[in-house]
Amino acid sequence: MEKTIMWFQDPECRDVATTGGKAASLATMTQLGLPVPGGFSIPADVLENCLDVDALRTFAQAKDHEAATRLVEETAIVPQEVFDGYAKLGGGKVAVRSSACAEDSEAASYAGQQETFLNVKGDDAVRKAVIDCWASFFSERAIFYRGEKGSLDDLRMAVVVQKMVDADKAGVAFSNHPVTGRKDRMMIEAVHGLGEAVVSGEVTPDQYVVDRKGREKKSKTPHGGVLSPDELARISEVAVHLETTNGAPQDIEWAIFQGDVYLLQSRPITA
């Protein structure tokens with residue numbers, strides 16, 4: 001019997017084709033014992049099994065994004081197991097994130113193509129966020145991108161439901177310098193509060209260039225210096241570990257809450 005949800009601890013959750021890149025990354029980091037907030041994936045098969053998949057594929061192939069998103073929004077059913085899993089997480093605030101099953105490559109990055117919802121609380125809000133994540137896979141932008149870089153036959157959109165970290169500080173880290181490509185330099189960007197503003201480009205973060213030990217080489221700090229030398233060192237240590245484990249330079253989302261570093265995403269640095 002196919003699972004309706006897969007916890008990050010489940011070995012099957014590491015399969016990109018089943019749970020998408022984001023969930024597979026979170027599951028891999030969890031199973032390595034790294035500090036990842038608890039959560040689960042709603043596998044891609046759930047979307048395909050909860051509505052008229054033939055009609056959805058027809059709309060996607062025709063690049064009719066309005067009909068495709070309307071079909072998802074009006075007919076998709078979120079299974080009860082999702083709400084049971086949400087209750088098991090404590091029923092408080094969660095992040096609900098899209099997790100596309102098409103893998104990033106050097107030529108195509110699916111990051112940012114679909115929706116993420118933060119501070120989601122309550123069954124009704126979780127239901128809406130999950131459906132909105134599914135629907136975002138068929139937005140005009142997402143369909144255009146898949147038409148250029150992927151396949152319009154692809155309907156496989158998984159969703160992550162994860163305990164929110166009420167971050168004191170957050171941001172991204174690149175285990176190789178993303179602009180110069182230098183392997184002996186990393187870049188870390190940080191803001192106070194949630195890191196979504198960094199990922200979306202809404203704000204200019206503090207930016208640090210550090211060596212492989214996290215020692216600062218240069219910085220731009222419009223927020224006055226968000227990170228301490230110790231925090232730079234700890235984030236850098238994790239970045240090096242993830243690069244070594246994955247065998248490729250990594251683009252990492254992180255958060256700090258009450259002095260502890262948490263990992264929210266790790267993916268290859270792509271175009």
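Where a number appears in this text, it was derived from the coordinates with a stated rule and is not lab data. All values derive from a computational prediction rather than experimental measurement. Virtual Cβ from ideal backbone geometry, glycine too; neighbours counted across all protein chains shown.
Of the peptides 158-166, 137-145, 77-85, the order by per-residue mean of other Cβ atoms within 10 Å, starting with the highest, comes out as 158-166, 137-145, 77-85. For the pair Asn119 and Gln61, the difference between a 0.36 nm per residue extended length and the Cα-Cα distance amounts to 17.5 nm.
Of the residues Gly20, Gly92, Ala158, the one whose Cα sits farthest towards the positive end of the charge dipole of the stretch 6-163 is Gly92 (charges of +1 on Lys and Arg Cβ, -1 on Asp and Glu Cβ, taken about the Cα centre).
Quick one: putting +1 on the C-beta of Lys and Arg, -1 on the C-beta of Asp and Glu, what dipole do you get for the stretch 6-163 around its Cα centre, in Debye to the nearest 20? Using Cβ point charges on Lys, Arg, Asp and Glu, the stretch 6-163 gives about 600 debye. Converting phi to 3J(HN,Hα) with the Karplus coefficients 6.51, -1.76 and 1.60 and the offset θ = phi - 60°, the stretch 52-67 yields 6, 5, 5, 5, 5, 5, 4, 5, 5, 5, 7, 6, 8, 5, 5, 5 Hz in sequence order, with x at every glycine or proline. Placing a label point 7 Å from the Cα of Val261 along the Cα-to-Cβ direction, the residues of the stretch 172-189 with a backbone N closer than 19 Å are 172-178, 183-189.
With the simple spin-label model, which puts each label point 7 Å out from Cα in the Cβ direction, the Glu48 to Lys213 separation comes to 5.1 nm.
Think of each Lys and Arg Cβ as +1 and each Asp and Glu Cβ as -1; about the Cα centre, that makes the dipole of the chain roughly 920 debye. When Rg and Dmax are taken over the Cα atoms of the stretch 169-268, they come to 12.0, 34 Å. For Asp166 and Arg182, the difference between the fully extended length at 0.36 nm per residue and the C-alpha to C-alpha distance is 2.5 nm.
Considering only Asp123, Asp168, Asp54, the Gaussian network model of the chain with Cα springs below 10 Å gives its largest mean-square fluctuation to Asp54. Over the chain, the pair-distance histogram of Cα-Cα distances with 10 Å bins from zero comes to 7, 30, 34, 21, 7, 1 percent, rounded to whole numbers.
Hey, what did the chain get for relative contact order, percent, Cα under 8 Å, at least 6 apart? Relative CO of the chain lands at 20 percent.
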